[in-house]
C-alpha cells in the first residue's frame, strides 16, 4: 500500500493571496448546498449563467464544512473526507460564504479556489493532511464494441437524476447528462461503491442517459455496458483521502 502524507501548516496558508472582503455566516434557513467560484477562465453554459456567482467571487450557500472542502480542494467525493467533528459531515450546521477579490478581471478559478482554501483554514481553525492509498477499485474503460453515445452538440451543461433530487446508493437511479465528461462520470460512479478512475481515453463532453436498479435489474455494471458501451475493470486505484485533524465552528463576522 502506498502512503503519502502532506502536513498543511497554517503559516503556509497565510502566505497565500487572500480575498479583499470575505464573510462566513451560519445559514439561517438552510436548504441544499449551491454555489462555487467564478474566475476569468470559468466556463458556464447559457443555462448556468443565471445562477453563477459574480465574476471574481466565491459564493456558497447552505453548505456544511464538508461541502466547502469539496469545492475548495476539488475533492471527487465526500467519501474522501475522513476525521473531524461530527458536524463537519452531518447535522444542521450549515454556512454561507461570500468572498470577493480586489480586481475581478484578473483572478482565475484556481486562484479563487486557493483563496477559498485559505479562508476555510483560517475561519474554521482547520488542520488537516492528505493520505494517498492504493485501494481496490475499478477502471472505467470502453467495451469491445465501442461507446454508444455521441459528443454533445448543444450548449446546455446539466445532470439530473430523474424523480430524485440527488442520487442515493442502493436505490434505482436514472442519470440524464448533458455535456458530461467521462472524468465526471467516473466521479459520479464512485459514490455507488468502490473508487472509479476514468481510463476510457475519451476526452470530449457527451450527452447520455444511464438507468440501473441493483435490486430489479439491470445492475450498474450491466447498464454501463448495455446502454453506454462502457465497462468496469478491477484494479488498484490511488485514492487521495483528506484527513481532518481538527476544526471549529466559526464566529459570526
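The values are calculated or read from the model by the stated rules, or taken from the named source; none is laboratory data. Bear in mind that the values here come from a model prediction, so they are computed numbers and not experimental data. All Cβ positions, even for glycine, are placed from backbone atoms using ideal geometry, and neighbour counts span all protein chains on display.
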Answer with yes or no whether residue 36 is in a loop (DSSP other than H, G, I, E, B) and in contact with a strand residue (DSSP E or B) (Cβ under 9 Å, 6 or more places away or on another chain). no
When (1) in contact (Cβ under 8 Å) with a residue 12 or more places away in the chain; (2) surrounded by fewer than 19 Cβ atoms within 10 Å (Cβ to Cβ); (3) closer than 25 Å to residue 33 by Cα are applied to residue 199, the one that fails is (3)
Looking at the range 39-66 only, could you name the residues that are part of a helix (DSSP H, G or I) and modelled with pLDDT under 95? 46, 47, 48, 49, 50, 51
Among the residues of the range 116-132, are any outside the structural domain of residue 46 (by TED's automatic domain parsing), part of a loop (DSSP other than H, G, I, E, B) and modelled with pLDDT of 95 or more? no
Just to be sure before I move on: is residue 205 assigned by TED's automatic domain parsing to the domain that holds residue 76 and out of contact with any helix residue (DSSP H, G or I) (no Cβ under 6 Å at 6 or more places or on another chain) in the structure I sent? no
Taking the range 209-229 as the search range and keeping residues that are closer than 14 Å to residue 175 by Cβ and part of a loop (DSSP other than H, G, I, E, B), which one is nearest to the chain's Cα centre (by Cα)? 213
Scanning the range 72-88 for residues that are surrounded by 19 or more Cβ atoms within 10 Å (Cβ to Cβ) and touching a helix residue (DSSP H, G or I) at 6+ places or on another chain (Cβ under 7 Å), the one nearest to residue 18 (Cα to Cα) turns out to be 72
So which residues in the range 157-174 are buried (at least 16 other Cβ atoms within 10 Å of the Cβ) and in contact with a helix residue (DSSP H, G or I) (Cβ under 7 Å, 6 or more places away or on another chain)? 157
Residue hits (the range 139-195; without any contact (Cβ under 8 Å) to a residue 24 or more places away in the chain and assigned to a strand (DSSP E or B)) are 160, 161, 164
Scope the range 225-248; condition at pLDDT 95 or above and touching a helix residue (DSSP H, G or I) at 6+ places or on another chain (Cβ under 8 Å); matching residues: 230, 231, 232, 242, 244, 247
